[in-house]
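These notes are about the structure you will find just below.
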Amino acid sequence: MWSFSFVVPTFLIMVIILIFYFSLPRLDIRMNRFFVDLVAIETITIITDIAASIVDNYYALVPIWLVDLLNLLYFVSLFTRSLVMYRFTFGALGVSVARSALMKQVIRTPYYACIVLTCLSPFFGFIYYVDESGYHMGNFYNLIYVTGFFYILMSFLAVSKYRKHLSGRRERYSLILYNLILIMGMFIRYFLARYLLLDTFVLMAIIVVYLAFMNPEYFLEPRGVVFNSYALRQYINEHIDDLDERCMGMVVHRYYEMRDIYGAPQTDVGLNLIGRYLTQICPKGKVFYYRRGRYIIFGDKDVDFKELSNRIAARFRNPWVSKTAELYFDVGFATIELNNNVESADVILNTMTKALGTVDSNDSEAPLEVTEDELYQTEKEIKIKRSLETAIENNTVELFLQPMIDAETGKTVGAEALARIRDENGELIPPGHFIPIAEKSGRINELGEQIFEKTCNFIKNNDLNKMGIQWINVNLSPVQFIRKDLSDRYSAILKKYDVDPRSIHLEITEESMIDDCFLKRQIKELSEKGFKFVLDDYGTGYSNLARLKNCPFINIKLDITIVREFCREPDEILPTMITAFKHMGFGITSEGVENDGMAAAMKKIGCDYLQGFYYSKPMPAAEFVKTYAM
Ligand code: C2E
Ligand code: MG
Ligand code: MG
């Protein structure tokens, strides 16, 4: 006699999960589709299990064909469930179930064989048979366990092979747990078949993945109306190879100001109303909230985004009203035509972020159409970012040196250390491209330190005197400058290479001088360790003389732009400024000296040092040694 003590409560819990799962919007991605299959097959299996067990218990009261039929349905569901559970593991890992045709056969054959044997069971009794004494196991009954374990084993192999596909440890462990629970369920079924416990174990496995990563709320904004940015990434990543859609971004103008004006809770209410409205007017589209007042809508090629944006803009002329708020917002739009050439979700999202940034600052309502060129530009930036990360991680940021010339003697007396990295083809990438990216991601700290360390190593291993070099200037990004442990880190490196701090000058720009108090403290700390400071790129910022007075710079470097401007159209401003600087005790360096005329002009107005292509372009450190240590 089968016992229903577990399977009935299991069924009731399953119903609750189904209600929760289907009451919320679900994202159209493979993992979700596989999960739907999983809960569907589990529900069917439980129902057929209960039905077959009832007729087995009361076989004398029902026709034999009914006992046969319900058992057949149960076994078909049971085998199908094994396959579907295996498929879910693959869906979660984000790989297709079987890549090669051979693999496909290996996976499908046991399933089809079992289904055929089940269908023939009413006639030949392979898996089960029913006679006048009721239901019995057939000769091949144990195939249930063989196929069950086979699919679980394949799942484990897949998890170990593709574990890197899972974004977090929680997903990884829960997928392992999911399969372990299935194994336990199989053992329990083997020894305690009477209690119909396998269904309960499968439900437990489903609950594990539901809680870990399948809860639809993980893909939704807090109020469950629009999908969130995690869902957005998942959606794009999955569809990246067959994106034949258009995507429109919408930004609430001056988002942070709006938050200040209305307060955060009210603004969130407004954003929620907007999200609800967007999902209503784009029933065919998928609406995602992409943080900071930005929405992204995907739609087929036949969606007219121009008309849609006009409609949305018209709606924004009216307030967004809730019980507690009446809010006015302004919006702007950008559209991107997508095709299969897009390389990654980052390309689309970064391009959209830039476009919406432009739209926000322009304050215009007409949608900005993003060109293919802009997508390409973003792709290039992402490649640079990758090269940058590889270079930092492999310690292959290269040290280039550019000589600095004493204007009086014409001799090389110093050099500036400049960073270089290479792309995947070994071509140099100019710092103008990678430094801003490194600053944005904070990796400039490691990059700057690598160049500093390589400069120290250079000083240690080469006789600077022999090259006529008294010091090497190293650039310090404003991002590095705000580090509180900067002086400790840099002096530790000096110690490691046994380098005299006087042989290194740190170049900072005016951007580092935003906070006077911090500037003074940082400069004091570094000066105590023996470092000297140079002000770089003078003329590109807003410094006034009074502020410079308080800073112990030993030298001010005139930026290439003011040098060029002066040489093209000489006036009294630059010479007067230089005179004032010299009165204040600063040395002066001219950057960007490209010909002898510029050299003569800059020398004449009082520059102490000259640096530029006229003397030499920056060159690899080894080449610098070859050139100057003769
Ligand atoms: P910067 O510190 O002002 O460096 C001078 C830049 O001017 C260098 O560009 C140099 O190649 C260029 N230059 C020198 N002479 C001439 C000339 O006659 N004509 C022209 N057109 N350019 C000239 P580079 O190496 O491309 O570096 C650009 C900027 O990237 C640097 O400007 C600096 O701000 C930044 N950078 C480079 N290396 C590092 C680094 O290690 N750390 C940090 N934080 N920034 C760096
Ligand atoms: Mg510099
Ligand atoms: Mg400069």
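Could you check, for region 5-16, whether at least one of its residues is under 16 Å from Leu197 (Cβ atoms), open to solvent by less than 20 Å² (accessible area, probe 1.4 Å) and polar (S, T, N, Q)? Yes: region 5-16 contains one or more residues that are under 16 Å from Leu197 (Cβ atoms), open to solvent by less than 20 Å² (accessible area, probe 1.4 Å) and polar (S, T, N, Q).
Of the helices (runs of 4 or more DSSP H) lying entirely inside region 188-302, those carrying at least 2 residues that are in the same structural domain as Glu326 (by TED's automatic domain parsing) and charged (D, E, K, R) are 229-239, 255-262, 264-281.
Checking the structure you have, find out if any residue of region 396-405 is within 12 Å of ligand 1 (Cβ to nearest atom), within 26 Å of the chain's Cα centre (by Cα), surrounded by 19 or more Cβ atoms within 10 Å (Cβ to Cβ) and touching a residue at least 24 places away in the same chain (Cβ under 8 Å). Yes, that holds for at least one residue. Confirm whether Lys495 is modelled with pLDDT of 95 or more and within 15 Å of ligand 3 (Cβ to nearest atom). No.
Looking at region 85-96, is at least one residue open to solvent by 20 Å² or more (accessible area, probe 1.4 Å), touching a residue at least 40 places away in the same chain (Cβ under 8 Å) and of a type outside the set (A, V, I, L, M)? Yes: one or more hits.
Considering the conditions (1) away from ligand 2 (no atom under 16 Å from the Cβ); (2) touching a Ser or Thr at 6+ places or on another chain (Cβ under 8 Å); (3) not in a loop (DSSP other than H, G, I, E, B), Leu535 is excluded by exactly one of them, (1).
Quick grid of which residues meet (1) touching a Pro at 6+ places or on another chain (Cβ under 7 Å); (2) open to solvent by less than 80 Å² (accessible area, probe 1.4 Å); (3) touching a residue at least 40 places away in the same chain (Cβ under 8 Å):
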residue	(1), (2), (3)
Leu308	no, yes, yes
Tyr328	yes, no, no
Val347	no, yes, no
Leu356	no, yes, yes
Glu372	no, no, no
Val413	no, yes, yes
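Yes or no: region 521-532 includes at least one residue that is part of a loop (DSSP other than H, G, I, E, B) and in contact with a His (Cβ under 9 Å, 6 or more places away or on another chain). Taking every residue of region 521-532 in turn, at least one turns out to be part of a loop (DSSP other than H, G, I, E, B) and in contact with a His (Cβ under 9 Å, 6 or more places away or on another chain). Evaluated against (1) in contact (Cβ under 8 Å) with a residue 60 or more places away in the chain; (2) open to solvent by less than 40 Å² (accessible area, probe 1.4 Å), Val208 falls short on exactly one condition, (1).
Test of understanding: among Leu548, Leu574, Leu558, Leu519, which residue is open to solvent by less than 20 Å² (accessible area, probe 1.4 Å) and within 16 Å of ligand 1 (Cβ to nearest atom)? Every option except Leu558 fails the conditions.
Residue count for region 426-470, restricted to those that are in contact (Cβ under 8 Å) with a residue 60 or more places away in the chain and in contact with a helix residue (DSSP H, G or I) (Cβ under 9 Å, 6 or more places away or on another chain): 7. When Asn341 is tested against the conditions (1) open to solvent by 80 Å² or more (accessible area, probe 1.4 Å); (2) at pLDDT 90 or above, the lone failure is (2).
Is it the case that region 68-81 has a residue that's under 26 Å from Asp28 (Cβ atoms), in contact (Cβ under 8 Å) with a residue 40 or more places away in the chain and assigned to a helix (DSSP H, G or I)? Among the residues of region 68-81, at least one is under 26 Å from Asp28 (Cβ atoms), in contact (Cβ under 8 Å) with a residue 40 or more places away in the chain and assigned to a helix (DSSP H, G or I), which makes the answer yes.
The values are calculated or read from the model by the stated rules, or taken from the named source; none is laboratory data. Note that the structure is predicted; figures quoted are calculated from it, not measured. Here Cβ is always computed from backbone atoms with ideal geometry, including for glycine, and neighbour counts include all displayed protein chains. The area values use the complete protein model at the heavy-atom level, side chains included, leaving out ligands, DNA and RNA. Shrake-Rupley method; radii C 1.70, N 1.55, O 1.52, S 1.80 Å.
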